[in-house]
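> Got a structure here, written out as structure tokens. Questions coming.
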Amino acid sequence: MNLWKSSIRIVIKVDRMKSSFFLLCLIIALNFSYAQNRTLEVCAKDCEFTSIQQAVDQAKAGDSIFIKKGVYKEHDIFINRKSLHLYGEKGSIIDIDHKGYGIKVEANDFSITDLTIKNVEVSYTSDYAAIYLFKCDNFKLKNITLKKAFFGFLIEKSSKGIIEENDISGIGQSEASSGNAIHLWNSKELEVRDNDVYNMRDGIYIEFGSNNVFENNTSHDNMRYGLHFMFSDDNRYSYNTFQNNSAGVAVMFSKRIQMNNNVFKKNWGTASYGLLLKEISDGEIYHNTFENNTTGITADGSTRINYYENDFINNGYAVKFIGGSYKNKFYKNNFLYNNFDLSYSGRLNNNSFDTNYWSDYTGYDLDNDNYGDVPYRPVKLFSYLVNETPESIILLRSLFVDIINFSEKVTPVFTPKNLTDQQPLMSEVQW
């Protein structure tokens, strides 16, 4: 009996020793972690560091750098292979003073937030940026204000980053003296959302990027494109607004794109459009609004794209097909009060335009199935004439135009005979 009790005491003692040892190890680990992950403060005076670069040089991986209110005239701040977290309080400003880059980073697992950076150097030989990232993974750029930027964020060969809630503006003088607000090259799996970009060359530019998401951005008053991307597959663009840019949005040489719930508005100019599709295949374009653009969509060499439940409102041209496009489907779209609903060049090429709503449709529906009993011909003779002789646009809204359009409707000669909507909708599509 005594032996049994002694055994129990030994087991309990051992368990207590194990528990104490585990607790001691945990305390040591927490203290070690606390000691390792410091917060370094930067301010004009009465701080350990008066320079951001000094703090970066002294910081270790996992540290945070808190930049207090003030103006810091620094440039080419370099974070090299350190997982740091830079953040500032309200009124913390980095003034590059036109001397190169602002912050250059080549690291993983870092963040830069709550800062203002201004006066990026303009160059015709170098792409100076407020923040330049190269080969970075798992990063965050948030709540950063860039003023008088040449390039805003220049991001190369990077992945798995978040770029959100930033305000980026440039000088806005000319394309030659302006760069892009958010410029992505050879980067993937990025989330770009809730940014406001304006007075730049391109609001958002992406080349050789894949599996990126662009949401809730506002790109306006840029000198070239609100959005411009090339050779970039499997990207999604949702709930963005592209307004009052010189040439709207250009999408080129890409596959499997998805564009939904965007607004393309007031992109006016002699060669402007809401959306240009150049050599695009296998895409979904739906729930978008194209309003008050010179041309809503220009499609050139685009194949197997589904356009559905979009609104085309008060555009010069709603849709313009230039040629080389195959197996595209337009259905359940609203074409409302455009000067020309559709301009088309070349053969039909298995493109279809059925079950859309056309505000110019004057047919009837005797069986009340919400489909017009008479097919609608969306291509007018006058749009053909304007394409051949642009000066004839001065005759728009004249009686002469109404007469020639009616004669072509009765006996088609110049417009494609088989380009019709066989089931035009009698009421607008609700989406």
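Bear in mind that the values in this text are calculations on the coordinates, not laboratory data. None of these values were measured; they are calculated from a predicted model. Cβ sites come from the backbone with ideal geometry, for glycine too, and all protein chains shown count toward neighbours.
> Tell me, what ³J(HN,Hα) does each residue in region 66-83 have, in order and in whole Hz, if you take phi through Karplus 6.51 cos²θ - 1.76 cosθ + 1.60 with θ = phi - 60° and put x for Gly and Pro?
Result, rounded to whole Hz: 9, 9, 6, 3, x, 9, 10, 8, 9, 8, 6, 5, 10, 9, 10, 6, 10, 8.
> Modelled label-to-label distance, Thr270 and Asn80, 7 Å Cα→beta-carbon offset: nm?
Inter-label distance under the simple model: 5.1 nm.
> Once you have the Cα-Cα distance between Arg236 and Leu366, take 0.36 nm times their residue separation minus that, and quote the gain in nm to one decimal.
42.6 nm is the gain from fully extending Arg236 to Leu366.
> To continue, here is another question. Taking the Cβ-Cβ separation of His287 and Glu156 as r and a Förster radius of 45 Å, what is the calculated FRET efficiency to the nearest 0.05?
Calculated transfer efficiency: 0.90.
> Taking only the Cα atoms of region 297-371, how large is their convex hull per residue, in Å³?
Once divided by residue count, the hull of region 297-371 is 96 Å³.
> Considering only the other residues whose Cβ falls under 14 Å of the Cβ of Ala129, what net charge follows from Lys and Arg at +1 and Asp and Glu at -1?
Net charge in that neighbourhood comes out at 0.
> Please report the net charge: other residues with Cβ closer than 15 Å to the Cβ of Phe353, K and R +1, D and E -1.
Residues near Phe353 contribute +3 overall.
> Which aspartates and glutamates have a Cα less than 19 Å from the Cα of Lys265, not counting those fewer than 8 places away in the same chain?
Within the straight-line cut-off, Lys265 pairs with Asp194, Asp196, Asp202, Glu215, Asp221, Glu291, Glu309, Asp311, Asp341.
> Which entries in the list Lys99/Lys160; Lys157/Lys188; Lys104/Lys140; Lys73/Lys99 go over 18 Å, if you measure between the two C-alpha atoms of each?
Lys99/Lys160
> Along the charge dipole of region 38-367, which of Asn180, Thr270, Gln54 sits closest to the positive end, that is, farthest toward it, with unit charges on the beta carbon of Lys, Arg, Asp and Glu (+1, +1, -1, -1)?
It is Gln54.
> If you add up the charges near Tyr87, with Lys and Arg at +1 and Asp and Glu at -1, over every other residue whose beta carbon is less than 13 angstrom from its beta carbon, what do you get?
+1
> Only four residue types carry charge here, +1 at the Cβ of Lys and Arg and -1 at the Cβ of Asp and Glu. Report the dipole size of region 38-367 about the Cα centre in Debye, rounded to the nearest 20.
The dipole of region 38-367 has a size of about 520 debye.
> Hey, got a sec? Which chymotrypsin sites (Phe, Trp or Tyr not before Pro) in region 53-150 land in a DSSP loop and have at most 14 other Cβ atoms within 10 Å?
Here the sparse-neighbourhood loop sites are Tyr124.
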